[in-house]
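Throughout, read-outs are computed from the coordinates displayed, never taken from laboratory work. If you're wondering where the values come from, they're calculated on a predicted model, not measured in any experiment. Note that we place each Cβ from the backbone using ideal geometry, even for glycine, and neighbour counts take in every protein chain shown.
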């Protein structure tokens with residue numbers, strides 16, 4: 001287990017990009033941490049880090065080494081989870097990288113449900129989209145990712161993919177607020193409040209608008225869905241979100257979410273993803289199973305062909 005501690009030290013330095021900052025998080029002195037790193041480099045016969053003026057970065061050999069360390073740390077956590085499960089303790093920790101749409105309603109509900117059965121399992125939720133979610137999986141910083149639209153790398157395994165219709169979000173008093181469904185062309189006659197690129201929701205709306213020979217010109221852009229919802233609640237602007245982020249009957253009463261009529265080819269998918277070849281801990285695997293059952297119950301399975 002002493003080696004595992006050194007692996008954690010190396011991982012912390014990589015994540016912080018600095019021995020000093022990593023030492024603060026590890027509650028040891030920078031000099032002690034540096035000595036441990038130097039001793040490991042001497043043992044391996046290669047430098048793991050390149051020392052820079054204001055920090056460190058991985059050497060070419062270090063990139064290979066840290067990947068091995070992270071895999072071994074993940075495997076140890078998986079074994080510890082299995083041992084705890086055998087003993088009836090059912091402990092564990094699950095880290096999830098997810099799109100903003102999951103944060104207000106879906107993920108809190110899922111974690112509450114899971115912890116009601118397994119109260120000793122802890123969670124960490126990372127607000128990550130697109131490339132940031134990819135990096136979290138590749139760096140072993142997250143066990144699972146739940147993202148709108150696909151992760152591109154062949155290094156990921158999709159556990160589930162469900163269709164996510166697009167909804168227009170607006171003030172309840174908005175002139176279009178009483179519609180059961182709405183056309184995108186009708187929305188485009190009002191100011192738009194859109195997520196900033198490269199959010200997948202923005203991409204879907206832009207592609208649909210392009211088919212109408214229209215270029216989007218938002219009055220407000222933001223990387224915060226909370227801000228966008230609060231903004232449209234006060235104005236005549238319209239925002240867009242996937243349905244899991246604005247579930248009917250649960251959103252704030254000052255706004256409404258209305259399904260947008262889009263061609264089937266323009267309806268995106270929500271994906272539950274893990275790093276290919278990684279064995280999940282018992283806690284993470286169980287949570288993935290729970291998510292899969294819940295999403296299949298509430299949404300239509302996406303056609304991946």
- Message: Sorted from largest to smallest, which semi-axis lengths in Å does the alpha carbon gyration tensor of segment 179-231 give for its equivalent ellipsoid, taking the root of 5 times each eigenvalue?
- Response: 18, 14, 10
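If contacts are Cα pairs under 8 angstrom and at least 6 residues apart, what is the relative contact order of segment 166-266 in percent? Walk me through the numbers before you get to the answer.
Working: 162 pairs, mean separation 51.1, N = 101.
Relative contact order of segment 166-266: 51 percent.
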- Query: Over its Cα atoms, what ratio of radius of gyration to 2.2 N^0.38 Å does segment 46-158 give?
  - Reply: 1.27
- Message: How much length would be gained if the chain were fully extended between residue 71 and residue 252, taking 0.36 nm per residue of separation minus their Cα-Cα distance, in nm to one decimal?
- Response: 60.9 nm
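FRET efficiency for residue 32 and residue 54, Cβ-Cβ distance as r, R0 = 22 Å, nearest 0.05? Before the final figure, lay out the partial values.
Values: r = 21 Å, r/R0 = 0.93.
It comes to 0.60.
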- Message: Run the paramagnetic zone check for residue 179: 7 angstrom along Cα to Cβ, then residues of segment 225-242 with backbone nitrogen under 12 Å.
- Response: 238-239
- Rg/Rg_globular for segment 166-266, with Rg_globular taken as 2.2 N^0.38 Å and Rg from C-alpha atoms: 0.96
- Expressed as a whole number of Å, what is the distance separating the alpha-carbon centroids of segment 187-225 and segment 242-266? 15 Å
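Can you give the extra length, in nm with one decimal, that the chain gains between residue 112 and residue 298 once fully stretched, where that is 0.36 nm per residue apart less the Cα-Cα distance? Numbers along the way, then the final one.
Working: separation 186, 0.36 × 186 = 66.96 nm, distance 1.75 nm.
Computed gain between residue 112 and residue 298 is 65.2 nm.
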- Note on the structure: Per the C-alpha gyration tensor (a ≥ b ≥ c, the square roots of its eigenvalues), segment 2-65 is rounded if a/c is under 1.5, else prolate if a/b beats b/c, else oblate; here it's oblate
- Task: Go through [x] 58, 47, 31; [y] 121, 40, 30; [z] 69, 50, 37 and flag the label whose value is the computed Cα extents along the principal axes in Å for this structure.
- Result: [z]
- Message: Could you give the length gained by full extension between residue 20 and residue 266, i.e. 0.36 nm per residue of separation minus their alpha carbon distance, to one decimal place?
- Response: 83.8 nm
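Kindly state, to the nearest 0.05, the FRET efficiency for residue 44 paired with residue 127, given R0 = 30 Å and r defined as their beta-carbon distance. Provide the component values of the computation, followed by the final result.
Values: r = 36 Å, r/R0 = 1.18.
For residue 44 and residue 127, the calculated efficiency is 0.25.
Over the chain, what is the relative contact order in whole percent, taking alpha-carbon pairs under 8 Å and six or more residues apart? Walk me through the numbers on the way to the answer.
Numbers: 483 pairs, mean separation 68.7, N = 305.
About 23 percent, as a whole number.
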- How high is the relative contact order of segment 44-144, given as a whole-number percent (alpha carbon pairs under 8 Å, six or more residues apart)? 27 percent
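Ranked highest first by average number of other Cβ atoms within 10 Å, how do 111-121, 211-221 line up? Don't jump to the answer; show the numbers that get you there.
Numbers: 111-121: 13.8, 211-221: 12.3.
Going by the mean number of other Cβ atoms within 10 Å, highest first, we get 111-121, 211-221.
Given only helices, namely DSSP H runs of n ≥ 4 each adding -39500 (n - 2.57), what is the per-residue ellipticity at 222 nm of the chain, to the nearest 500 deg cm²/dmol? Let's see the in-between values first.
Numbers: 10 runs with 129 residues, N = 305.
Rounded to the nearest 500, the figure is -13500 deg cm²/dmol.
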